[in-house]
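To start, the structure itself, in structure tokens.
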Amino acid sequence: MNDKIALVEAGGTKFIVGVGDASRHIHARTRIDTTRPEETVPAAIDWLRAQGGDYAAVGIASFGPLDLDRTSPTWGHITRTTKPHWSDADIAGPFARAFACPVAIDTDVNGAALAEWKWGAGQGTTSTLYLTVGTGVGGGAVVGGRLVHGVSHPEMGHIRMPRHPADTGFAGHCPFHGDCLEGLAAGPSIVARWGASLSDLPADHIGHDIIAWYLAQAVQTFQAILEPARIVLGGGVMQTAGLLDRVRAIAWEHGGGYYAGDCRTTLVNPGLGHDAGLLGALALALGAADPR
Ligand code: ZN
């Protein structure tokens with residue numbers, strides 16, 4: 001039996017397409033610019049066919065939001081996105097028709113959450129929550145080996161936030177909610193307020209405190225809802241020097257020792273490196289090929 005797995009990391013600016021296997025070996029990969037669905041998706045399929053085409057499963061970790069209701073006629077489609085041309089685009093269907101094997105699709109964030117739980121910073125725990133803070137904010141959680149879903153994937157980046165007392169005069173940049181978590185703490189909101197990314201602001205700039213404060217409030221919300229054994233904080237903004245320690249300190253101070261998880265140790269950096277996106281797709285595909 002062929003054990004090759006087709007991997008698709010479908011992003012808003014590029015698709016990374018690869019071939020891997022259950023031992024986490026990535027045999028080949030390519031990059032395809034994200035233009036229009038009718039161009040980008042067939043280009044990904046053509047490349048996968050050129051690698052042999054006989055796959056045990058396809059794993060797709062995609063930007064969203066996605067329809068993940070298996071009974072829906074639009075399962076595996078992107079739903080409402082601000083990205084031009086991609087609202088209602090069918091992502092999973094063309095791969096399912098091209099390759100006679102199971103197709104797993106979920107958000108890129110959920111893929112990363114599952115991969116971090118299986119192989120990364122959440123390994124060995126029964127519950128791991130992954131939050132990415134970059135151009136957007138998104139979160140996924142694995143509990144008892146399974147990703148948490150309701151009628152669709154969680155939208156943890158869009159929780160409402162209390163306002164930091166010094167963060168005045170900024171409406172927030174989320175096109176749907178204004179000053180939700182993403183609207184206040186994602187990279188574009190930082191540039192909109194202070195004219196630079198967090199890592200480019202001086203170490204004593206108040207932006208460091210404000211962003212850490214918002215992330216610490218978010219962490220407490222997720223602790224209150226789920227009490228995850230581990231909270232993995234990833235994404236470009238989290239690479240700012242000192243930010244993780246600031247979030248830990250504020251979350252600990254504000255949490256008052258109430259929660260079972262001690263955020264001085266449960267809050268961690270991601271454990272997976274530059275292949276995290278493809279490993280997310282692989283984690284999703286292995287779940288589809290070997291459902292538990
Ligand atoms: Zn929002």
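The values are calculated or read from the model by the stated rules, or taken from the named source; none is laboratory data. In this text the structure is predicted, and so the values were computed from the model without any measurement. Cβ coordinates were reconstructed from backbone atoms using ideal geometry, including for glycine residues, and neighbour counts include every protein chain displayed. Accessible surface areas use protein heavy atoms only, side chains included; no ligands, DNA or RNA. Shrake-Rupley method; radii C 1.70, N 1.55, O 1.52, S 1.80 Å.
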Residue 207 neighbourhood, Cβ < 14 Å, K/R = +1, D/E = -1, net charge -2
Bridge orientation stat for the chain from DSSP, antiparallel percent rounded to 5, came to 60
Taking protein heavy atoms only, a 1.4 Å probe, and rounding to whole percent, the accessible area of the range 121-268 owed to carbon and sulfur comes out at 54
Under the 7 Å Cα-to-Cβ spin-label approximation, residue 199 and residue 245 lie apart by a distance in nanometres of 1.7
For the range 84-178 the trypsin sites (Lys or Arg not before Pro) that pass both the DSSP coil test and the at-most-13 other-Cβ-within-10 Å test are none
Hydrophobic long helices for the chain, i.e. whole DSSP H runs reaching 18 angstrom or more by Cα along the axis with Kyte-Doolittle mean at least 0.0, come out as 206-226, 276-289
Expected unfolding gain across residue 269-residue 29 under the 0.36 nm per residue rule, minus the alpha-carbon gap, is 83.8 nm
If each K or R counts +1 and each D or E counts -1, the residues other than residue 170 whose Cβ falls under 10 Å of its Cβ total 0
Sorted by chain and number, the residues with a modelled amide H under 5 Å from that of residue 234, at a separation of 5 or more or across chains, are 131, 132, 133
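Mind checking the full-extension length gain between residue 152 and residue 14? Use 0.36 nm per residue of separation minus the Cα-Cα distance, one decimal, nm.
Numbers: separation 138, 0.36 × 138 = 49.68 nm, distance 2.38 nm.
Gain in length upon complete extension: 47.3 nm.
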Any chymotrypsin sites (Phe, Trp or Tyr not before Pro) in the range 200-291 that lie in a DSSP loop and have at most 10 other Cβ atoms within 10 Å would be 258
Of all DSSP beta bridges with both partners in the range 121-268, the antiparallel percent, nearest 5, is 60
Order by accessible surface, 1.4 Å probe, largest leading, for residues 9, 116 comes to 9, 116
Of every Cα-Cα pair in the range 121-268, the percentage lying beyond 21 Å is 40
For residue 105, other-chain or 5+-apart residues with amide H closer than 5 Å (H placed, Pro excluded) are 60
With 0.36 nm assigned to each residue of separation and the Cα-Cα distance removed, residue 82 to residue 171 gains 30.2 nm
Dividing the mean separation of Cα pairs under 8 Å (6+ apart) by the residue count of the chain yields a relative contact order in percent of 20
Sorting 272, 215 on solvent-accessible surface, 1.4 Å probe, most exposed first, gives 272, 215
Note to self, the chain gives a 222 nm [θ] from helices alone (DSSP H runs n ≥ 4, -39500 (n - 2.57) apiece, / all residues, nearest 500) of -10000 deg cm²/dmol
Over the range 121-268, with neighbouring protein chains present, the accessible area per residue in Å² at probe 1.4 Å is 43
Expressed as a percent, the portion of alpha-carbon pairs in the chain spaced more than 23 Å apart is 54
Long-range amide H partners of residue 91, meaning residues 5 or more apart or on another chain whose placed amide H is closer than 5 Å, are 77, 78
Within the under-12-Å Cβ sphere about residue 73, not counting residue 73, Lys/Arg +1 and Asp/Glu -1 give a net charge of -3
Expressed in µm² per second, the diffusion coefficient of the range 51-156 from the Stokes-Einstein equation, with Rh the Kirkwood radius over alpha carbon pairs, at 4 °C and 1.567 mPa s, is 88
